Amino acid sequence: MEKFTSLSGIAAPMDLVNIDTDMIIPKQFLKTIKRSGLGVNLFDEMRYNLDGSEISDFVLNQPAYRDASILVAGDNFGCGSSREHAPWAIADFGIRCVISTSFADIFYNNCFKNGILPIVLPEDQRDALMKDAENGANARIEIDLETQTVTGAGGETYHFELDAFKKHCLMNGLDDIGLTMEKVTYIGTFEAATATSRPWV
Amino acid sequence: MSPKTIYDKIWDAHVAHEADDGTCLLYIDRHLVHEVTSPQAFEGLRTSGRKVRAPDKTIAVPDHNVPTTLDRANAATMTEDSRIQVEALDKNAKDFGLHYYPVSDVRQGVVHIVGPEQGWTLPGMTVVCGDSHTATHGAFGSLAHGIGTSEVEHVLATQTLIQKKSKNMKVEITGKLAPGVTAKDVTMAVIGLTGTAGGTGYVIEYCGSVIESLSMEGRMTVCNMAIEGGARAGLIAPDQTTYDYCNGRPHAPKGAAWEAALTYWKTLFTDEGAHFDKVLTIKGEDIAPLVTWGTSPEDVLAITDVVPDPASFEGGKVGAAQRSIDYMGLTVGQKLTDIEIDTVFIGSCTNGRIEDFRAAAAILKGKKIKDGMRAMVVPGSGLVRAQAEEEGIAQVFIDAGFEWRLAGCSMCLAMNPDQLKPGERCAATSNRNFEGRQGRGGRTHLVSPAMAAAAAITGRLTDVRDLM
């Protein structure tokens, strides 16, 4: 997994609550057996007309935001299905960080498996960054994972919380399976105990 | 010992390792796999030379992509990319030695219907699947939730998940349900009150006299949509109804093992005085037959209501409500019963079980669907289909003008050819009314099976109580 330590980039504003995984990546793009190549279909139905041409007022189609690497979004981002195609599409587009007041649990977890940092901030701070983002390409947002801070275009800095283990994995680009394999004896011990206590399992 | 919730008990019984910071390795008893969210996980195993740790606890079935038309044995009914996904699952199940129900097997169906039906899902288990509606299995008093593909690979390789514990939320439904009100209305009522993020970070325990009175089918409907309220998992303490459903299922324990299991299952209840971080209580009598008007599952109203004014909402929801009304092609103040529909879909992991079909058939018996209506019933499994045919229910649907399909997810997420066209409007028994969910530009109103049947007859959203 790609490491995430810090990021300085253009933030795209999406001031809409409950952006769901069907919006992020519609189901017709789930028919792939690969993880790559989904960025072109990120937000597909909001981004393209039926004939495939771009919808010009959609934020990621606007010249200022075509190279956005941060998304500032409305409450409850990523609700809906468990499809990891959603973070795959986001990462493949080049977005490495999503800022909101809240995320759906499964989406939130999926981000960390794909080198994406989801940042939870209080409403007023998210709103301030949303305003920054609306200023276009000149408004860069800086993120430092080590110190857990976001700095807006005007220099205002906000602290964010995240689980220490998730932070450690993201900063070091660690593979979960590799980490768990180091504890495989515990799993074996658990299985042996269960074979006695709950043999029907 | 301090009192525990049922979630606490199941959690404690499955921690294989706990780190100092509370990060746990949670052991997984059952891993359900389908064709859409698994190919990349199996590819990951191959690349790293790993095996499936517990193939005997891993059950695979294709459901999302498969056509549900009667001619599906003909491969030409699938698009090439769908066929590749299903063939990949065929191959992965064989190569890694999983329990498998291929499309040609009568037991094939929606993964969340097949698991319980075959007795794979049992009380007290941890159950995961690369699908958010895994919450369904919580109906058995198991801890069941959806995971992403990276976690699918993690479970395949290690039979565990890296997790931290969620908080406890109690949702109690007291009293009794009025005629015409079903499990679907109960679960939608909860989401209407909590909102789609109200359960985020929680595991919900549904309880109270209404929940106790529900069949296993009804309980699965309730738990299925826990995720629509933001909770990864919802569960219900097992009782005699649960044991009776499980007893005799192909993979349920038998004889002495059954007795031992039963003794353990009877310890799975929330202790008196256990702590809940959040509590919601609803009177069963206050729940009416419900419909969704907008594009979020929290956009729930009684069928007797009208399309709301966006100005009546607060914060970001004002804009969202206006966007929903525009997308759905509605007018503020319009009576919900004046909304005309052209499509009816009965099926899905929410409402694709035998009881759902009985409820719809009871409304449809001796009646015809409206001229021009496209109506389909998609059984949750081949066995549900067979049972409905045996009970004469299938004939009721066919006589009324419904298409009687083969099992699959179908128009719930429209990954197979069953889709809405732009502007088409559907009364659906599924679980999500998101923009484009049933096809780009398609408009979805979520309802119970009985309400869907009523809408098919009249051609508009209808109060099922008027047809009873």
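Here are the numbers for the structure shown:
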{"read-out": "Region A:6-197, relative contact order in percent, only Cα pairs under 8 angstrom and at least six apart counted", "value": "23 percent"}
{"read-out": "Region B:88-154 versus region A:6-56: alpha-carbon centroid distance in Å", "value": "28 Å"}
{"read-out": "Overall form of region B:85-184 per C-alpha gyration tensor (a/c, 1.5; a/b vs b/c)", "value": "oblate"}
{"read-out": "The protein assembly as shown: C-alpha gyration tensor shape, a/c 1.5 cut-off, then a/b vs b/c", "value": "rounded"}
{"read-out": "Computed over region B:290-467: relative contact order in percent, which uses C-alpha pairs under 8 Å that are six or more apart", "value": "28 percent"}
{"read-out": "Shielding by partners - mean other protein chain Cβ count within 10 Å, residues of A:31-38", "value": "5"}
{"read-out": "In sequence order, calculated HN-Hα J values of region B:155-169 (Karplus, 6.51, -1.76, 1.60; Hz; x Gly/Pro)", "value": "5, 4, 7, 10, 6, 9, 10, 7, 9, 10, 6, 7, 8, 9, 10"}
{"read-out": "Relative contact order (%) - criterion: Cα under 8 Å, at least six apart; region: region B:249-353", "value": "18 percent"}
{"read-out": "DSSP-defined beta bridges in chain B - what % are antiparallel, rounded to 5", "value": "25 percent"}
{"read-out": "Amide H within-cut-off set for B:Y100, under 5 Å, with H built and near neighbours excluded", "value": "B:A60"}
{"read-out": "DSSP bridge orientation in the protein assembly as shown - percent antiparallel, rounded to nearest 5", "value": "30 percent"}
{"read-out": "Sum of -39500 (n - 2.57) over DSSP H runs of 4+, divided by residues of chain B (222 nm, nearest 500)", "value": "-9000 deg cm²/dmol"}
{"read-out": "Under-5 Å amide H pairs with B:L235, H placed in peptide plane, nonlocal only", "value": "B:I204, B:E205, B:Y206"}
{"read-out": "Rounded to 5, percent antiparallel among DSSP beta bridges of region B:290-467", "value": "25 percent"}
{"read-out": "Calculated from backbone phi, Karplus (6.51, -1.76, 1.60) coupling profile of region B:270-277 in Hz, x at Gly/Pro", "value": "7, 5, 3, x, 5, 8, 10, 7"}
{"read-out": "Cα centroid separation - region B:277-320 against region B:352-368, whole Å", "value": "26 Å"}
{"read-out": "Other protein chain Cβ atoms within 10 Å, averaged over every residue that makes up A:190-200", "value": "5"}
{"read-out": "Long-range HN-HN contacts of B:R460 with modeled amide H, under 5 Å", "value": "B:I341"}
{"read-out": "Links that overshoot a 18 Å alpha carbon limit, given the list B:K4/B:K254; A:K31/A:K166; A:K183/B:K51; A:K167/B:K164; B:K57/B:K94; B:K9/B:K165", "value": "B:K4/B:K254; A:K31/A:K166"}
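None of the figures in this text is laboratory data; all of them are computed from the coordinates on show. Keep in mind that what you see is a predicted model, and the values were worked out from it rather than measured. Reconstructed Cβ throughout: ideal geometry from the backbone, glycine too, with neighbour counts over all protein chains shown.
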